[in-house]
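Okay, structure first, notes after.
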Amino acid sequence: MYDKQVRRRRAVLALLVVVSLILLTAYFGESAGSPLHSVQRGVVAVLSPVQEGASRALKPVRDLFGWFGDTARAKTERDQLRAQRDRLLEQVVGYKVALQDNAELRREVGLQSSNGLDVYDKRAARVIGRPANNLLLDRLQVDAGSGAGVRVGDPVIADGGLVGHVSFVASDAALVTLITDPSSSVSVKVLNGAGDSGLLKPSVGDPLDLLVQLLPRRARIAQDDIVVTAGFRTSRLDSLYPPDVPVGRVTKADPEELASDQQVHVAPIADLRHLDFVQILVGPSSSGEQRAQVGGTAGVGGP
Amino acid sequence: MSQADGYQLPLRLAALGFLTVVIQIAAVSQVTVFGVSIDLTPLVVASVGLLAGSLPGAIFGFAVGLFADVALVQTLGVTSLLFIAIGYWAGRLRELRDPAHALVPLAVGAAATAFATVGFALMQFMLGVRAPVSWLLLRQVVVTILVGSLLALPIFALVRRVVQGSLPDDPRRRRRRAYTTGGLSPLQRPSAGR
């Protein structure tokens with residue numbers, strides 16, 4: 001009797017492990033349109049209303065926990081923001097004059113004034129889910145999918161800053177890979193007068209500390225310089241992101257680190273840990289399949 | 001035990017697993033404590049293993065892991081593989097040692113969180129995520145384990161409340177019954193040598 005129980009236990013355990021390994025191997029080797037991915041897409045479509053309901057119902061609980069953390073941070077943040085406001089007030093006057101000059105000069109040479117966002121439709125979407133383990137995968141799930149015109153590769157913004165891009169689409173839901181995900185890299189430029197450009201990557205272990213890498217060793221970058229998307233476009237490859245979308249603010253620009261590692265530290269403008277809503281920029285051109293390849297999210301778990 | 005009683009545990013575990021994953025994805029993951037997200041799923045799986053045994057623990061771990069992988073559009077099988085091990089080992093601990101100390105769930109919760117966090121990171125590395133292993137990452141792992149340990153006891157109490165009454169054989173109840181109905185405690189039993 002005891003032997004029978006032990007044999008049964010071991011058989012079930014072996015079966016579960018084998019099924020997991022088969023699923024893992026099959027899923028990993030499959031393309032985005034394959035049966036397992038389709039099943040997953042179907043389940044996500046069915047589950048998204050449930051998740052949306054749960055997300056709305058549990059928002060007060062989230063807010064309560066957030067309140068404790070926010071209160072602890074508020075005082076420091078207030079002092080920083082006051083100092084920042086004073087600096088910005090000085091800059092605004094100079095910028096207004098520059099803006100006026102710029103508009104006049106653009107009129108003279110016939111340049112377009114649009115920064116590229118005008119060609120996108122902005123679809124608001126509610127955040128309905130997030131993976132538990134975000135040390136190596138930083139994504140979130142939103143309640144807008146292919147039914148709302150969302151496609152793989154569409155850029156996502158919130159709070160006036162870049163959040164990431166769409167990496168998976170079901171009919172009523174989509175998965176957004178954040179700029180803090182290790183698979184993410186964004187070509188950016190620093191608004192430091194010289195427009196030095198580099199590659200924005202997350203710092204592993206501290207995802208909210210982003211790094212702008214591959215900068216010129218002698219770049220003159222200061223704290224609080226704004227970092228925006230570069231939005232490059234070549235004959236063979238387009239950036240996922242339109243140009244001049246604010247990404248972050250330089251928090252640490254150490255000349256020694258710049259000279260040795262060619263990098264500075266940046267904090268994202270969007271509050272990526274407390275997002276309730278995002279805006280998906282649904283673009284007019286370039287197919288989703290093409291952009292999915294450009295996005296480079298096909299790593300683990302990505303389509 | 002009637003047939004209806006036999007279905008009670010699976011039904012309760014199915015409801016518990018579904019609610020755990022939905023609440024985890026929709027709310028708990030978005031709450032950060034000391035800079036890390038809270039993960040209740042390994043704690044719930046370990047608690048079920050501790051309360052219900054190795055086989056229900058492993059099956060529950062597989063189901064919860066698969067559901068989480070599907071719902072979060074992750075590589076299928078990764079989380080289930082880790083949670084099978086957590087549910088099974090927690091169950092084996094109960095079956096072999098029958099630990100009665102009140103802090104056992106805390107130790108098991110810490111071990112489950114450590115195994116899930118480190119295991120998930122290792123699986124991601126093996127499956128191709130390109131990320132350097134840094135001190136910051138290790139610090140995050142340690143903080144995650146500490147937060148998991150803090151939550152282990154309340155989660156265990158909650159899971160015990162959910163499955164209470166549907167467990168086929170509660171070891172503590174069994175031991176208590178043996179003593180009070182005339183059975184000898186191991187301390188009172190005469191040794192074989194005498």
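Derivation of every value follows stated rules applied to the coordinates shown; laboratory data play no part. Treat the numbers as computed from the prediction; the structure is a model and nothing was measured. Ideal geometry is used to build each Cβ from the backbone, glycine not excepted, and the neighbour counts take in all protein chains shown.
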Computed magnitude of the charge dipole of the range B:1-108 (debye, nearest 20; Cβ of K, R +1, Cβ of D, E -1)
100 debye
Each label sits 7 Å from Cα toward the beta-carbon; between B:R160 and A:L199 the label points are separated, in nm, by 5.3 nm
Pairs over 27 Å Cα to Cα, from A:K189/A:K252; A:K59/A:K201; A:K75/A:K252; A:K59/A:K189; A:K75/A:K122; A:K122/A:K201, come to A:K59/A:K201; A:K59/A:K189; A:K75/A:K122
How large is the translational diffusion coefficient of the range A:152-219 in µm² per second when you combine the Kirkwood radius over alpha carbon pairs with Stokes-Einstein at 20 °C and 1.002 mPa s?
161 µm²/s
Multiply the residue gap between A:S38 and A:E90 by 0.36 nm, knock off their C-alpha separation, and tell me the result in nm, one decimal place.
13.2 nm
Mean Cβ neighbour count within 10 Å, used as a protection proxy, ranking A:69-80, A:31-42, B:96-107 highest first:
A:31-42, B:96-107, A:69-80
Show me the helices of chain A, taken as full DSSP H stretches, that run 30 Å or more along their long axis by Cα and average 0.0 or above in Kyte-Doolittle hydropathy.
A:2-29, A:35-57
With point charges of +1 on the Cβ of Lys and Arg and -1 on the Cβ of Asp and Glu, referenced to the Cα centre of the range A:1-100, which listed residue (A:A74, A:S34, A:V97) lies farthest in the positive direction of the dipole?
A:S34
Given an 8 Å cut-off on Cα distances and at least 6 residues of separation, report the relative contact order of the range B:17-107 as a percent.
29 percent
Ignore the peptide's own chain and count Cβ atoms of other chains within 10 Å of each Cβ in B:140-146; give me the average, rounded.
2
Within 10 Å, count the other beta carbons around each residue, average over each peptide in A:174-187, A:145-158, and list them highest first.
A:174-187, A:145-158
Where the only charges are on Cβ atoms (+1 Lys, Arg; -1 Asp, Glu), what is the dipole of chain A about its Cα centre, to the nearest 20 debye?
1000 debye
Ordering of B:38-49, A:252-263, B:147-158 by packing [mean C-beta count within 10 Å, highest first]:
B:38-49, B:147-158, A:252-263
Could you pull the Rg and Dmax for the range A:7-110, using just the Cα atoms, both in Å?
28.1, 85
As a check on your grasp of the helix formula, calculate [θ] at 222 nm for chain A: sum -39500 (n - 2.57) over DSSP H runs of n ≥ 4, divide by the residue count, round to the nearest 500.
-13500 deg cm²/dmol
Other chains' Cβ within 10 Å of A:15-22 residues: what's the mean?
6
How crowded by other chains is A:28-36, given as the mean number of beta carbons from other chains within 10 Å of each beta carbon?
1
Using alpha carbon coordinates only, what is the Rg to Rh ratio of the range A:117-186, with Rh defined as the Kirkwood radius?
0.95
